[in-house]
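K.L.:
Take this structure, written in structure tokens, and hold onto it; I'll ask about it next.
The values are calculated or read from the model by the stated rules, or taken from the named source; none is laboratory data. Nothing here was measured: the structure is a model prediction, and the numbers come from that model. Cβ placement follows ideal geometry from the backbone for every residue including glycine, while neighbour counts extend to all protein chains displayed.
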Amino acid sequence: MILERGDKVLAIKRLRELTGVSLREARELVEAGNAGSALTRSTTGQMPSAAIAALGRGNRIEAMTLVRHAEGLGMKDAKDFVEAFLSENLQINQKFTQINASRFRTTLKWVVVGAAVCTVVYYPFSTQSG
């Protein structure tokens, strides 16, 4: 988001604050467009509490949006940040995976029920000879 506005100086400053990389390395990463790779190296303790709560509810997109606004990142960098956080925090990752698996099973059940209802409703009309 910062880079989208063309503010390289602020992007370099923010990258250094979040990761602790040197000024030279931050400048090179920002100019090369690889700031996200540096963010994925060091995320523990940097995730906003609201984003952690969103992940706990199974909402990755909300977490990415919160990180974007809190840290001034672009969407790809926020996505990399959240994914790195999940890979480093196994307990949160397991809860996130369980919630999403439960949602998938529920959705699949409703799709099967819907298909069965459609079949029951359609079948009498398909067997009528007209």
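K.L.:
Going by what's in this entry, would R68 be described as exposed (fewer than 15 other Cβ atoms within 10 Å of the Cβ) and either in contact with a His (Cβ under 8 Å, 6 or more places away or on another chain) or among the basic types (K, R) (or both)?
P.N.:
Numbers: exposed (fewer than 15 other Cβ atoms within 10 Å of the Cβ): no; either in contact with a His (Cβ under 8 Å, 6 or more places away or on another chain) or among the basic types (K, R) (or both): yes.
No; evaluated as a whole, the condition is false for this residue.
K.L.:
Going by what's in this entry, would G74 be described as exposed (fewer than 14 other Cβ atoms within 10 Å of the Cβ) and at pLDDT below 85? Explain how you work it out, then say what you get.
P.N.:
Values: exposed (fewer than 14 other Cβ atoms within 10 Å of the Cβ): no; at pLDDT below 85: yes.
No, not satisfied.
K.L.:
Residues that are surrounded by fewer than 16 Cβ atoms within 10 Å (Cβ to Cβ) and among the aliphatic types (A, V, I, L, M): does the stretch 103-111 have at least one?
P.N.:
Yes: the stretch 103-111 contains one or more residues that are surrounded by fewer than 16 Cβ atoms within 10 Å (Cβ to Cβ) and among the aliphatic types (A, V, I, L, M).
K.L.:
Looking at the stretch 17-32, I want the residues that are under 21 Å from A70 (Cα atoms) and have a partner that is hydroxyl-bearing (S, T, Y) and at pLDDT below 75 with Cβ atoms under 6 Å, at least 6 apart or on another chain. Which pairs are those?
P.N.:
T19/S42
K.L.:
Quick one: in the stretch 54-65, of everything that is surrounded by fewer than 16 Cβ atoms within 10 Å (Cβ to Cβ) and in contact (Cβ under 8 Å) with a residue 40 or more places away in the chain, which residue is farthest from L15 (Cα to Cα)?
P.N.:
Per the stated criteria, the residue is R57.
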